[in-house]
Amino acid sequence: GRHHIMRVFQRFPTQHSDLVHDVSYDFYGKRIATCSSDHIIKIWDQDLTGQWVVSSQWNAHSGSIWKLAWAHPEFGQVIASCSFDRTVCIWEEGEEDDKGNKKWIERARLVDSRESMVDIKFAPRHMGLKLATCSADGMVRIYEAIDVMNLAHWPLLEEFEAHRGGVANCISWNPAPFDRSMLVVGSSEPSVKIWEFNETYRKWTHVETLASVSGVERLGPDHRVHDVCWAPNMGRTYHLIAAAIKDTVRIWKVKIMPDNQRVPPEEILCRKDHQSEVWRVEWNVTGTTLASSGDDGKVRLWKASLGDRWAPLSVISGEDDTPDAHES
């Protein structure tokens, strides 16, 4: 059947001089950070009329900036950025200048990678001010600001090779507060793997594979995992993990079992509705609705219907034209 089509509710020019790679909302959805191949980060705030205006912009890296991440607001107004220049920068908002503009100050620069830094995610708040990074050398690195009042000091806590001889493309933390520390990592193979911090051995271990080359129809070298997202868990007995792989949106149901027990993960959605490259997947705050965006210029929302069957909920069109009446 036909599903609901929604309209763009706000459109604004980014004023970046090159490709925009990331648009990141803060915790409350009141601020936006954008980054681009023009090496610039821009912070946007809404004015009294609801329009998005640039409150700050600066030249942040010496290469394309791929991703941005906001820390939880209890740690202040803090963002991290990662770049083709192989670094991750930590920025904190400072005082207003004479013209009323807020200046963002570089507090730290993390320089451990030998290759492009491609994704960054702050850990869930209950874990403290930690940052996971992944890079084109296949490594995932975890940093922590031990003293949250001193953002200049980010020791490297752990690192592990998530993808031997390839690119670790995207990462997402398990947000559940009572679980062990876990990450899902998507790579260029393509593969999607779950890693867990083993407290006994004090190291990250690979505990589950959701997708691998054989499971993704041997897609070839350009079929990388563009994004992964671990759903917030509001009382479910299992976890949901989504991924954007080539032109597919995928969701897996995963049960985290006690040591030495294993329930195989179950793929509960694999759809090609975008009919083009899918770049991002993102869960809502309760982990009940998934949004995906692709090169078709649309954001598609997915939700479980009765019987736990995942299906399209609605489509948000980024264009002014009338969507195709054959959307199903």
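The values are calculated or read from the model by the stated rules, or taken from the named source; none is laboratory data. Everything quoted here is computed from the prediction, not taken from an experiment. As a convention, Cβ positions derive from the backbone with ideal geometry for all residues, glycine included, and neighbour counts pool all protein chains shown. Each accessible area value is taken on the protein alone, full model and side chains, heavy atoms only, with ligands, DNA and RNA left out. Shrake-Rupley method; radii C 1.70, N 1.55, O 1.52, S 1.80 Å.
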Completion exercise
Within the stretch 1-29, restricting to residues that are under 26 Å from L313 (Cα atoms) and surrounded by fewer than 11 Cβ atoms within 10 Å (Cβ to Cβ), the one that is modelled with the lowest pLDDT is G1
Handout entry: Matching entry among A152, A168, A162 (being exposed (fewer than 14 other Cβ atoms within 10 Å of the Cβ), of a type in the set (A, V, I, L, M, F, W, C) and within 25 Å of I90 (Cα to Cα))
Key = A152
Exercise for the section: Evaluate the stretch 117-134: report whether one residue or more is in a loop (DSSP other than H, G, I, E, B), free of Cβ contacts under 8 Å to residues at least 40 places away in the same chain and either among the basic types (K, R) or more than 28 Å from A176 (Cβ to Cβ) (or both). Expected result: no
Fill in the blank from the handout: Among K255, K272, K246, the single one that is at positive phi and either open to solvent by less than 50 Å² (accessible area, probe 1.4 Å) or at pLDDT below 95 (or both) is K246
Practice task
State which residue is surrounded by the most Cβ atoms within 10 Å (Cβ to Cβ) when the search covers only the stretch 178-228 and only residues that are basic (K, R) and at pLDDT 90 or above.
Solution key: K193
Problem - Hey, D308 open to solvent by 40 Å² or more (accessible area, probe 1.4 Å), in contact with a strand residue (DSSP E or B) (Cβ under 9 Å, 6 or more places away or on another chain), of a type in the set (D, E) and touching a residue at least 40 places away in the same chain (Cβ under 8 Å) or not - result: yes
Exercise for the section: Quickly run through the stretch 229-243 and pick out the residues that are among the polar types (S, T, N, Q) and surrounded by 18 or more Cβ atoms within 10 Å (Cβ to Cβ). Expected result: N233
Handout entry: Test: A145 is touching a Phe, Trp or Tyr at 6+ places or on another chain (Cβ under 9 Å), open to solvent by less than 10 Å² (accessible area, probe 1.4 Å), small (G, A, S) and over 27 Å from E266 (Cα atoms)
Key = yes
